[in-house]
Every structure is written in structure tokens, then in C-alpha cells.
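Colleague: Could you have a look at this structure, given as C-alpha cells, before my questions?
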There are 2 protein chains.
Amino acid sequence: MSDSLETPLSKVKRGPNRAQYDKATAFEIMDASLMCHIGQTKNGQVFVTPTCHWRDGDYFYWHAHSKARNVKGPIDEPEKVCINISLLDGLVMARSAMHHSVNYRSVTLFGVPELIEDKTEKVRQFKIFLDKVSPGRWEYLRPISDSEIKATGLVRIKIDEASIKLRAEPPVDDPADNDWPVWAGVIPLNRSWGEGETDPIQSQTYPKANSPEAF
Amino acid sequence: MSDSLETPLSKVKRGPNRAQYDKATAFEIMDASLMCHIGQTKNGQVFVTPTCHWRDGDYFYWHAHSKARNVKGPIDEPEKVCINISLLDGLVMARSAMHHSVNYRSVTLFGVPELIEDKTEKVRQFKIFLDKVSPGRWEYLRPISDSEIKATGLVRIKIDEASIKLRAEPPVDDPADNDWPVWAGVIPLNRSWGEGETDPIQSQTYPKANSPEAF
């Protein structure tokens with residue numbers, strides 16, 4: 001099986017010099033981010049929904065209320081959805097307005113969502129998701145109930161049609177501007193998980209939850 | 001003019017208790033974020049493009065290469081695009097997997113993009129954008145050229161059809177779980193702009209660029 005995610009649909013038209021199609025890089029970006037934006041249509045109108053996602057092997061997963069648009073919509077009316085996963089990494093300050101940019105990692109993924117209904121597989125996936133959000137936490141939770149499993153819709157798409165766009169470099173100005181007298185460089189965006197804020201109604205003291213690797 | 005952005009299209013169906021339609025709150029979220037996700041279609045296929053945005057009064061703006069999909073597409077084939085602007089604020093750790101959630105601020109905005117072609121207005125908007133990205137920087141840059149103005153497509157949509165979803169609170173568990181012996185609370189996401197990394201080709205020293213208020 002090819003490790004390229006390039007197809008006629010996923011091929012990047014603008015800025016192809018920043019485009020990649022390597023599956024391993026796409027996986028890294030998906031795993032490094034918690035949230036994606038799912039694009040779908042209903043009666044010809046486009047909708048974009050921010051959604052938390054996870055990955056298991058070659059499949060990209062999300063969940064929601066079983067009647068939510070981003071779960072039920074593409075099952076009731078199958079279509080190839082478009083999902084963008086992006087992380088802003090920094091601001092690129094050039095010598096001219098035109099060459100200002102951002103450093104970022106982004107994957108645009110296409111696929112027809114498939115509903116997962118097997119109860120055991122649903123629970124296995126929910127645990128994979130929770131292990132992404134807070135490693136090791138699942139075992140300490142009140143066990144999941146049948147009605148909760150039923151109420152939660154789980155979908156996945158195979159990761160085989162996608163593009164990656166990446167920028168991770170200093171400004172690239174018109175060469176004639178390189179000595180223009182203004183500071184030029186990159187302002188990095190720092191993200192970190194803060195100290196857990198305990199639920200005010202909790203009276204006992206327990207070890208705080210682990211933070212994720214992803215943002 | 002009404003300050004509510006609610007319409008039949010923007011009305012939130014799932015989780016209406018977290019929905020708002022207040023224009024001032026939508027403006028705050030737009031101004032607090034640098035990046036949005038634009039959903040549009042081409043020949044029935046949906047595309048989602050991460051894009052930097054800004055606001056001027058009642059209008060939401062973005063720019064790109066004049067031939068880029070997110071500028072040229074909705075002008076060539078007018079349609080009501082859907083734009084989501086979201087900021088993840090924290091992870092909500094509940095006592096059961098089901099009640100885990102995220103704290104966030106999100107606006108979903110609908111509108112038909114309008115191309116701005118007036119040269120003076122284009123430059124005025126580019127300055128408003130740069131003032132968002134790095135306040136006070138515009139005056140120090142190599143002045144913008146006619147060909148740069150022409151090559152950059154500028155579009156806007158009026159902010160009059162949108163919904164806001166917000167969550168900013170501790171976990172809400174099933175009451176019967178409130179004494180389950182596990183830590184529960186919120187892990188906040190901290191964002192900050194780091195120290196500017198000077199372009200390696202710059203030999204002179206200049207004052208570094210200001211960081212934005214937005215993330």
C-alpha cells in the first residue's frame with residue numbers, strides 16, 4: 001500500500017511548494033492536535049463543525065451525540081466530507097506586508113464517514129480517545145453504561161486521501177528588501193496545559209488528571 | 001438594527017443551552033482569534049480551508065492570493081459559505097467518560113462573500129489586519145506596491161447570521177457520580193507569544209515586533 005495520500009482531489013493547487021502527501025507526517029499532525037474542523041453539506045448548504053478527533057492506525061475517528069449533524073448527517077446522506085486539522089505555530093514577520101505569513105502544520109483529509117455500531121469496538125475506541133486526552137485516566141472513571149454507549153455516535157474515515165501543508169521557516173522576503181530597516185523574524189506561539197482546577201464541589205483530594213501531549 | 005445573529009440557518013439544534021446569538025460576544029471571539037476555518041463547495045464537494053481573518057465593524061474579512069479557492073471560488077460561483085472560529089480553552093475532566101468535555105469559545109458564521117476591489121479600501125483593510133497581527137508595525141514596512149495590491153484578493157461578509165457556542169465551567173456529572181473517587185476539574189490551555197526569533201540573515205539589530213492580543 002502506498003504511503004502517499006495524494007489523489008486528484010487532495011492535490012494542492014495553490015502553494016504546492018508547501019504541500020506534502022506523506023502518511024507518517026499526516027499521522028503526526030493528527031496526533032499532535034485535539035481538534036479538527038469537519039466540513040459537510042446539507043441540502044447544498046455547507047456547515048463547518050469544530051470537533052475533537054483521534055486516530056487508530058489508518059483510521060481517523062470522532063464522536064458526538066448520535067443525532068448530531070457531524071455524526072448523523074453523512075450517514076443519512078453519505079458524502080465525502082472534508083476535515084481540516086491545523087496547528088498555528090508562529091507569526092512570520094517580513095519586511096513587506098505581502099510576505100507576512102504564519103508557520104503552521106495542517107492536514108486536509110477527505111473521506112466518506114462510516115458508522116461504527118459494534119458495542120465492544122465503540123468502547124475500545126472511546127478508551128483510545130480518553131487515553132489521548134488524559135493518559136491513564138480511563139481505569140479510574142465510573143464505568144461506561146450501555147445507554148451511554150448507545151447515545152454516543154462513533155464514526156471513522158480511512159486516511160487515504162489527504163494533503164499536508166507545512167510552513168516552518170523564517171520570513172522569505174523579496175531579495176531587494178532584505179536590508180530594509182525593520183526587525184524580521186518569527187514570533188512563536190507557545191502552548192501548555194496549566195495546573196488542573198479542581199471541581200469546586202469536590203471535597204476529597206485525589207491525584208490530578210494527566211495532561212495530554214496534544215493541543 | 002438587531003443585535004441578534006439568530007436566523008433559521010444559524011439557530012443551534014444540538015446543545016441549545018450553550019448557544020448564544022449576541023453580536024458583541026461574536027465580535028469578541030472573532031477579535032480574540034487569528035485563524036478561522038472556511039467551508040465552501042465546488043461542484044458539490046465541500047472544502048475546509050484554515051485562514052487568518054480580521055474584523056472591521058460589522059464585517060468579517062480575509063485575504064489570499066487572488067486566485068486562491070477561498071477568495072476566488074465564492075466569487076466565481078456565489079454561495080453562502082460557513083466559517084467557524086474557535087478557541088479551545090480547557091479540558092473538562094468528569095467522573096464518567098461520557099461527561100468529559102472541553103471549554104471553548106466558538107462562532108459559526110454564514111454569508112455570501114463580497115469581493116473588495118477598491119485599491120484604497122484594500123490597503124486600508126490590509127493595515128487593519130496587520131495592526132491585529134502586530135500593532136504599530138505597518139509604518140515600518142517597505143510600502144505596499146500596486147502589483148502586490150492587485151495580486152491579493154480581499155473578501156468580506158457582513159456579520160448578520162451566526163451562532164455562538166461557549167462552555168466555561170467545571171464538569172457537570174450525573175449527580176449520582178459526584179462522589180466517585182477520581183479527581184474532576186478543568187485543565188486550562190495556556191497560550192502565549194514567545195520571544196521573537198530574529199531572521200538569521202538579519203545583521204542589524206532592530207526593536208522586535210509587537211505580539212498580537214489574539215491567538
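Colleague: Tell me which residues, restricted to the range A:170-203, are of a type outside the set (A, V, I, L, M, F, W, C), more than 7 Å from chain B (Cβ to nearest Cβ) and loosely packed, with under 14 Cβ neighbours inside 10 Å.
Modeller: A:175, A:179, A:195, A:203
Colleague: Please specify each residue of the range B:1-16 satisfying the condition of being away from every other protein chain (no Cβ under 13 Å) and over 20 Å from the mean Cα position of the chain (by Cα). First the steps, then the outcome.
Modeller: Step one: of the range B:1-16, the residues away from every other protein chain (no Cβ under 13 Å) are B:1-6.
Selection gives B:1, B:2.
Colleague: Right, something else. Could you please give the count of residues in the range B:17-51 that are β-branched (Val, Ile, Thr), out of contact with any Cys (no Cβ under 7 Å at 6 or more places or on another chain) and within 14 Å of chain A (Cβ to nearest Cβ)?
Modeller: Looking only at that region, the number is 4.
Colleague: Additional query: Answer yes if at least one residue in the range A:116-131 is surrounded by 22 or more Cβ atoms within 10 Å (Cβ to Cβ) and among the β-branched types (Val, Ile, Thr), and no otherwise.
Modeller: No, every residue in the range A:116-131 fails to be surrounded by 22 or more Cβ atoms within 10 Å (Cβ to Cβ) and among the β-branched types (Val, Ile, Thr).
Colleague: Can you tell me which residues in the range A:111-154 are in contact (Cβ under 8 Å) with a residue 12 or more places away in the chain, at the interface with chain B (Cβ under 8 Å from one of its Cβ atoms) and under 20 Å from the mean Cα position of the chain (by Cα)?
Modeller: Passing the criteria: A:126, A:133, A:134, A:152.
Every number here is computed from the coordinates shown, using simple stated rules; none is lab data. Not measured: the values here are computed from a predicted model. Glycine also receives a Cβ, built like all others from the backbone with ideal geometry; neighbour counts cover every protein chain displayed.
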